[in-house]
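Data block below; observations after.
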Amino acid sequence: MHGTRILDEADRLMTVCNSCRYCEGLCAVFPAMEMRRAFSDGDLNYLANLCHSCGACYVDCQFSPPHEFNVNVPRTLAVARAESYAAYAWPQALSGAFTRNGLVISIVAALSMAAFILGFVALNDRAVLFGVHTGPGAFYRLLPHNAMAALFSAAFLYAIFALVMSVRAFWRDIGTPIGGRADGGSIFQAIRDAGELRYLHGGGVGCYNEDEKPTDRRKLYHHLTFYGFLLCFAATSVATLYHYLLAREAPYPWWDLPVVLGTLGGIGLIVGPIGLFIAKSRRAPELLDAQRYGMDVGFIAMLFLTGLTGMLLLLLRETAAMGPLLALHLGAVFALFITMPYGKFVHGIYRFAALVRYAQERRGEAGS
Amino acid sequence: MSSKYDVLVIGGGNAALCAAISARRGGASVLVLEGAPKFYRGGNTRHTRNMRCAHDAATEILTGPYTEEEFWEDLLRVTGGKTDEVLARHMIRESKDILNWIVEQGVRWQPSLGGTLSLGRTNSFFLGGGRAMLNALYLTAERLGVDVEYDAEVTDLVIEDGMFLAARLKRPINGETEIRATSLVAAAGGFEANIEWLKQYWGEAADNFLIRGTPYNRGSVLKMLLDKGVQEVGDPTQCHAVAIDARAPKFDGGIITRHDSVVFGIVVNKHSQRFYDEGEDIWPKRYAIWGRLVAAQPDQIAYIIFDSTVVTSFMPTLFPPIAGQTVAELAGKLELDPVALEKTITEFNAAVRPGTFDHTVLDDCVTEGITPAKTHWARRIETPPYLAYPVRPGITFTYLGTRVNKESRMLMADGRPSANMFAAGEIMAGNVLGKGYAAGMGMTIGSVFGRIAGREAAKHARN
Ligand SMILES: Cc1cc2nc3c(=O)[nH]c(=O)nc-3n(C[C@H](O)[C@H](O)[C@H](O)COP(=O)(O)OP(=O)(O)OC[C@H]3O[C@@H](n4cnc5c(N)ncnc54)[C@H](O)[C@@H]3O)c2cc1C
Ligand code: SF4
Ligand code: SF4
């Protein structure tokens with residue numbers, strides 16, 4: 001029937017749920033499902049990416065295992081979601097990276113860091129590498145700004161391009177009419193829904209973790225991670241503007257905007273991923289996609305590493321440790337960039353696209 | 001587990017939990033004994049979706065007022081007057097407050113989204129359904145300090161002169177044990193899952209019944225109580241039964257096996273004969289009568305037959321319809337006599353008179369000159385593929401129960417109130433429901449009488 005076994009199972013479950021509909025108030029998945037009677041691969045991938053894995057529909061379902069109907073929506077959609085990342089990946093040749101994700105990410109991370117350290121050593125003599133550098137331009141004594149900018153823009157642009165291509169394929173598959181454009185209102189609605197993690201709330205009480213008692217923990221850690229990431233991104237952007245517009249060179253004093261943003265972001269990127277990791281290891285196994293454990297943990301680890309090296313760099317930048325820490329931090333960020341299109345990072349992008357689609361469908365329905 | 005409790009609650013569904021919470025809030029120590037394993041806790045309540053309560057004004061979740069008088073009239077209509085007016089009116093009055101009380105116990109409502117169940121004015125829907133509602137009640141009960149034991153099936157009751165002394169139970173791990181308590185609340189459901197017992201009234205036909213809900217409601221506690229001198233109420237053949245898909249599991253298929261496509265086609269028995277007016281009434285009344293109608297047919301089987309023009313007019317179904325390009329092919333797949341089925345459909349089609357179809361009202365699409373007539377929504381069945389759902393009686397719950405008074409206190413055979421025994425929910429539903437059913441009343445009976453029973457049981461225990 002469908003392309004894969006998990007899509008067959010997702011189809012079976014959506015048929016069960018569509019004749020039940022008890023969960024329609026819990027999240028966007030169920031109302032979106034109710035707008036359909038039959039499910040194409042694209043529909044199922046859309047529903048899978050609308051699911052935030054809050055677990056409510058598992059704990060609330062009278063047919064979850066051991067019942068013979070064996071309804072496990074969160075896990076089925078989690079597996080389908082993970083498979084959809086690979087299905088739409090660009091270039092397709094790299095889609096296999098998703099399945100061996102933990103390994104791929106750790107290798108890329110290790111190689112990038114090693115490359116940066118070796119590059120530093122090659123560029124500088126030992127005295128410079130372990131020397132104490134202060135004042136504007138300190139970082140660039142280790143790696144010239146232009147080289148840094150070139151490397152990172154290349155990696156970043158590649159990541160953006162690959163992500164755009166992937167999400168385009170996804171959007172084409174889930175959009176009606178095929179390839180239809182998203183309107184501003186729907187995008188704005190989706191930004192709000194994604195920004196507040198509207199559907200990671202178990203219908204209002206929180207997320208289901210280790211048992212049938214809901215909490216808001218996962219939401220909190222996710223917020224810390226996500227906004228931590230955005231703050232770090234903002235810090236980098238402001239610093240770039242400083243550099244080119246104001247000709248002010250990094251490192252900046254602690255009270256300056258890039259550092260304030262980076263510090264707050266760094267804290268988020270340390271606390272958030274740790275929390276997410278603990279929540280994941282405690283979560284009821286029946287809710288999890290065990291096969292994709294490596295992908296999830298790999299991504300969390302990358303974010304954590306980026307946050308940690310960044311914070312250490314801030315704390316120790318006036319000591320001899322600055323050189324090696326800068327190399328590590330740049331390595332981590334570089335690895336994060338180039339693995340972005342082939343790891344858990346894409347979940348945010350696909351989910352956002354799905355939320356836009358959902359907002360669009362809702363508007364269509366309200367209008368008709 | 002302490003050795004003696006103020007209040008012992010038998011059961012683990014809505015009625016039991018409302019009783020346990022209300023008894024605990026009344027200051028009593030409470031133990032809940034649930035016969036099922038933890039996953040199956042909460043019996044038929046797991047399968048519910050909404051509750052019917054009177055209210056004087058529209059709220060966030062309800063579209064309009066539903067007065068006590070209107071509720072009473074609805075009840076009177078569905079039961080045909082077979083109800084205890086004093087108790088029923090008492091329940092309806094209390095139901096107003098239950099709407100809020102149940103929220104205070106952690107249960108959440110959702111606005112009625114689905115257009116399929118026109119109940120947005122009279123019934124409140126649980127956010128996430130009945131199991132979500134139960135989870136909330138269990139969390140609250142545990143937080144308040146109610147003890148709960150699963151896999152704890154009560155096998156015997158020690159009752160002396162209308163006075164409860166102790167319950168015996170069988171547990172898979174800890175073996176047999178006896179638990180004493182000052183008061184008892186029996187909230188262990190009806191006997192719908194006990195086919196042998198059903199056979200006493202329905203004969204062999206009961207073998208063909210499907211039980212929509214929990215396999216654990218075997219009526220054992222009800223039987224013990226009746227055997228030990230509690231007064232019986234209700235007609236044992238009365239129950240809530242609907243037509244559900246014949247391919248559904250024997251037990252616990254829940255809500256998703258239902259069909260409401262009757263109005264869009266015709267219904268025939270195994271001899272390919274129509275036997276009732278498929279266009280008699282609108283949902284939910286029509287929903288509640290077809291179980292009985294099918295139960296009265298040979299081998300308790302029937303087939304809803306329609307054509308491809310109407311498939312998107314009703315809720316998507318769990319089991320796909322059986323299809324045939326011709327009536328004969330369809331008959332073959334259903335193991336019906338093709339000639340007989342063709343004749344029935346041809347005669348039906350010929351009898352259909354033109355009208356304006358509107359399935360939301362009693363429209364003017366009727367048949368002429370056949371028996372039984374189809375008095376509304378009659379349209380020809382003529383566009384292949386021809387489609388069918390096989391259906392059997394699906395039993396929801398039974399009405400035979402223990403008689404109670406306004407305090408939810410059981411009455412003994414001689415009419416005296418029991419000193420310390422109370423009942424709530426399905427096990428005493430027959431006090432209010434002599435026959436018939438209006439959607440959402442099962443939960444009203446459980447919540448209202450559960451709350452009263454718990455309060456009164458606690459009061460008795462602490463005196
Ligand atoms: C598919 C379906 C849908 C329904 N939908 C609705 C709806 O939307 N709205 C509505 O109002 N009603 C609905 N009903 C009816 C409703 O489920 C019942 O009226 C209601 O759940 C009864 O509650 P209760 O607490 O009395 O019984 P239950 O919830 O059935 O609980 C009885 C409990 O007793 C336990 N038990 C039985 N025997 C023993 C024993 N010997 N020892 C210990 N424990 C025992 C059982 O395990 C069970 O947990 C529906 C029923 C079904 C089957
Ligand atoms: S998850 Fe279960 S309760 Fe929820 S809609 Fe699906 S079948 Fe119904
Ligand atoms: S978001 Fe939550 S309720 Fe919705 S499908 Fe996913 S796990 Fe179920």
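The values are calculated or read from the model by the stated rules, or taken from the named source; none is laboratory data. Only a predicted model underlies this, so the values are computations on that prediction, with no experimental measurement involved. Virtual Cβ from ideal backbone geometry, glycine too; neighbours counted across all protein chains shown. Ligands, DNA and RNA are excluded from the accessible area calculation, which covers all protein heavy atoms including side chains. Shrake-Rupley method; radii C 1.70, N 1.55, O 1.52, S 1.80 Å.
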| Are any of the residues in region B:214-222 touching a helix residue (DSSP H, G or I) at 6+ places or on another chain (Cβ under 7 Å), more than 21 Å from B:ARG403 (Cα to Cα) and assigned to a loop (DSSP other than H, G, I, E, B)? | yes
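Just to be sure before I move on: is B:ALA187 closer than 18 Å to B:ALA19 by Cα, more than 14 Å from chain A (Cβ to nearest Cβ), under 25 Å from the mean Cα position of the chain (by Cα) and in contact (Cβ under 8 Å) with a residue 60 or more places away in the chain in the structure I sent? Give the derivation first.
Details: closer than 18 Å to B:ALA19 by Cα: yes; more than 14 Å from chain A (Cβ to nearest Cβ): yes; under 25 Å from the mean Cα position of the chain (by Cα): yes; in contact (Cβ under 8 Å) with a residue 60 or more places away in the chain: yes.
Judged against the criteria, B:ALA187 is a match.
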Residue hits (region B:236-251; within 11 Å of B:TYR389 (Cα to Cα) and of a type outside the set (Gly, Ala, Ser)) are B:ILE244, B:ASP245, B:ARG247
Exactly one of A:GLY96, A:GLY135, A:GLY102, A:GLY119 is among the small types (Gly, Ala, Ser), out of contact with any helix residue (DSSP H, G or I) (no Cβ under 9 Å at 6 or more places or on another chain) and open to solvent by less than 40 Å² (accessible area, probe 1.4 Å), and that residue is A:GLY135
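Filtering region B:62-82 down to residues that are open to solvent by 30 Å² or more (accessible area, probe 1.4 Å) and in contact with a Gly (Cβ under 9 Å, 6 or more places away or on another chain), which residue is nearest to the other protein chains (Cβ to nearest Cβ)? Before the answer, list the steps.
Of all residues in region B:62-82, those open to solvent by 30 Å² or more (accessible area, probe 1.4 Å) come to B:63, B:65, B:67-70, B:73, B:76-78, B:80-82.
Still in the list and also in contact with a Gly (Cβ under 9 Å, 6 or more places away or on another chain): B:63, B:77-78, B:80-82.
Details: B:THR63: 16, B:ARG77: 28, B:VAL78: 24, B:GLY80: 31, B:GLY81: 34, B:LYS82: 31 Å.
Looking at residues that are open to solvent by 30 Å² or more (accessible area, probe 1.4 Å) and in contact with a Gly (Cβ under 9 Å, 6 or more places away or on another chain), I get B:THR63.
Taking region A:202-214, which residues are assigned to a strand (DSSP E or B) and more than 12 Å from chain B (Cβ to nearest Cβ)? Even if it seems obvious, please write down each step before you answer.
First pass over region A:202-214, keeping only residues assigned to a strand (DSSP E or B): A:207-208, A:214.
Within region A:202-214, A:CYS207 is the sole residue that qualifies.
Can you confirm whether B:LEU318 is of a type in the set (A, V, I, L, M), surrounded by 20 or more Cβ atoms within 10 Å (Cβ to Cβ) and within 14 Å of chain A (Cβ to nearest Cβ)?
Working: of a type in the set (A, V, I, L, M): yes; surrounded by 20 or more Cβ atoms within 10 Å (Cβ to Cβ): yes; within 14 Å of chain A (Cβ to nearest Cβ): yes.
In short, yes.
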| Within region B:94-108, is there a residue that is open to solvent by 20 Å² or more (accessible area, probe 1.4 Å), assigned to a loop (DSSP other than H, G, I, E, B), without any contact (Cβ under 8 Å) to a residue 60 or more places away in the chain and away from ligand 2 (no atom under 16 Å from the Cβ)? | yes
Taking region A:9-34 and keeping only residues that are in contact with an Asp or Glu (Cβ under 9 Å, 6 or more places away or on another chain), assigned to a loop (DSSP other than H, G, I, E, B) and more than 7 Å from every other protein chain (Cβ to nearest Cβ), one is left with A:ALA28
If we take region A:268-368, then helices (runs of 4 or more DSSP H) inside it with 3 or more residues that are surrounded by fewer than 19 Cβ atoms within 10 Å (Cβ to Cβ) are A:293-316, A:346-367
Okay, strands (runs of 3 or more DSSP E) sitting entirely in region B:353-442 with 2 or more residues that are under 29 Å from B:PHE275 (Cβ atoms), I get B:386-398
For helices (runs of 4 or more DSSP H) lying entirely in region A:40-93, having 3 or more residues that are more than 14 Å from chain B (Cβ to nearest Cβ) and over 22 Å from A:GLU212 (Cα atoms) picks out A:41-50, A:73-88
Expected single match for within 14 Å of chain A (Cβ to nearest Cβ) and at positive phi among B:GLY229, B:GLY254, B:GLY234 is B:GLY254
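If only one of B:LYS199, B:LYS223 is open to solvent by 10 Å² or more (accessible area, probe 1.4 Å), farther than 30 Å from B:ILE256 by Cα, among the basic types (Lys, Arg) and modelled with pLDDT of 95 or more, which one is it?
Details: B:LYS199 fails: farther than 30 Å from B:ILE256 by Cα.
Exactly one residue qualifies, and that residue is B:LYS223.
Quick one: which residue in B:ARG121, B:ARG131 is more than 14 Å from every other protein chain (Cβ to nearest Cβ), outside any strand (DSSP E or B), under 21 Å from the mean Cα position of the chain (by Cα) and on the phi < 0 side of the Ramachandran plot? Outline the logic, then answer.
Details: B:ARG131 fails: more than 14 Å from every other protein chain (Cβ to nearest Cβ).
The conditions single out B:ARG121.
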